[in-house]
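Just so it is clear, none of the values below were taken in a lab; they were calculated from the coordinates. These numbers were taken from a predicted model, which means no experiment stands behind them. Heads up, the Cβs are rebuilt from the backbone with ideal geometry, glycines too, and the neighbour counts pull from every protein chain shown.
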Amino acid sequence: MIKATIQNSPCCKEIKFPCSETELSKQLGELDMNTEHLAPIGTIIEIEPAELSVLEDSEVSLDALDYLGKHMDGMDKRELNKFLAVLSCDELDKEWDMKSIINLTFNLPRYTLIEETDDLEHVGLIHMLDVRKVLSESEYNNSEWLKSEGQKLLNSGKGIPTDYGLLFENEEISFEEVFNGRTLPPYYCNPNAFVTAEISYGDLTELAELPCEDIAIKKALYRLGAESISDCEIELDTVQNISKNQLKKICAAEQNAGIFALNELLKSVELNILASENTSESISVEDPKISM
């Protein structure tokens, strides 16, 4: 979780991220901003965790800050410690801003954090998983090889002490720019979503997890630079145990009624009903509505 004091002069407000669109809209109102702002920006006065203090005294997109908060909430303890260790490490000689920090969340394998150095096999396992992402069963069970790789890493002299452990930069892994500073890269974080909508405009793409708050779709369109949803291409996919037949009917509903109507319809559908094979003929768009 991120806790930030946001200023829209002369108003200040502490906001916790991530938060829902409804909650953010409420906070914008208390900051004397338009509650339906499609690209809210504020100045960060204070922020926690302290490793994000590089963002203080700068204007940032509150939607990007919320997106970062979702990524951080989705990290396990080891990933979060590595993320914070990288941000706190001045020896890396990297300038951090909102764009690069969000990109860091996609580039954690470029770094290896060793919290305990006494178990060489574990050190080797952590490092090789960072470098290779996956190991074969024989590699995973090759104790001597893992110990050798662990010893090699520690003997490299490239470890940088941090409050979280020894940090190594895996320079053979390139730092990729996933976030372009404008459109938010796909990130699946809504366990209650039925389907995902990939919204494309030109060479840009945004992801909406449905059902969601309508303003989330409107914000995606704004970031894409599209004046209307009709100007965009939409591709739906399922993130739940929904039959192919049901997904086809959902896609037909979107084409017939539009994504905003489909979004409202999905809000009224219980997942266990939608996912049931017994409802293969139940979705129809009339007026529009989904009848069960």
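Rounded to the nearest Hz, the phi-derived 3J(HN,Hα) couplings of the range 61-71 under the Karplus curve 6.51 cos²θ - 1.76 cosθ + 1.60 (θ = phi - 60°) are 6, 5, 6, 5, 5, 5, 4, 4, x, 5, 4, where x marks glycine and proline. Straight-distance candidates among the aspartates and glutamates for linking to Lys147, with alpha-carbon spacing under 20 Å and chain neighbours fewer than 8 residues away dropped: Glu115, Glu116, Asp118, Asp119, Glu121, Asp130, Glu137, Glu139, Glu169. Max-minus-min Cα coordinates of the range 78-169 on each principal axis give 41, 24, 18 Å, with the largest extent listed first.
So for the range 1-149, what percent of the C-alpha to C-alpha distances run longer than 18 Å? Don't skip to the end; give the middle numbers.
Numbers: 6816 of 11026 pairs.
Result: 62 percent of Cα pairs exceed 18 Å.
The alpha carbon gyration tensor of the range 2-74 gives principal lengths a ≥ b ≥ c with a/c of 1.5 or higher and a/b no greater than b/c, which makes the shape oblate. Show me the GluC sites (Glu not before Pro) within the range 175-224 that DSSP assigns to loop and that have at most 16 other Cβ atoms within 10 Å of their Cβ. Answer by residue number: Glu176, Glu177, Glu213.
Fraction of C-alpha pairs exceeding 22 angstrom in the range 195-279: 22 percent, rounded to a whole number. For the set Lys99/Lys244; Lys77/Lys248; Lys99/Lys248; Lys77/Lys158; Lys77/Lys152; Lys218/Lys244, the pairs lying more than 31 angstrom apart at their alpha carbons are Lys99/Lys244; Lys77/Lys248; Lys99/Lys248. Amide H to amide H distances under 5 Å link Lys94 with no residue, where only residues 5 or more positions off or on other chains count and H is placed in the peptide plane. The Cα trace of the chain gives Rg and Dmax of 22.6, 69 Å, the first to one decimal, the second as a whole number.
Divide by every residue of the chain the summed helix terms, -39500 (n - 2.57) for each DSSP H run of at least 4, and state the resulting mean residue ellipticity at 222 nm, rounded to the nearest 500 deg cm²/dmol. All intermediate terms of the calculation are to be shown ahead of the outcome.
Numbers: 11 runs with 110 residues, N = 292.
Computed ellipticity for the chain at 222 nm equals -11000 deg cm²/dmol.
Trypsin sites (Lys or Arg not before Pro), restricted to the range 153-240: which are DSSP loop and have at most 15 other Cβ atoms within 10 Å? Don't jump to the answer; show the numbers that get you there.
Details: sites: Lys158, Arg182, Lys218, Lys219, Arg223; in loops: Lys158, Arg182.
Those satisfying the criteria are Lys158, Arg182.
Multiplying the residue separation of Asp214 and Cys189 by 0.36 nm and removing their Cα-Cα distance gives an extension gain of 7.3 nm.
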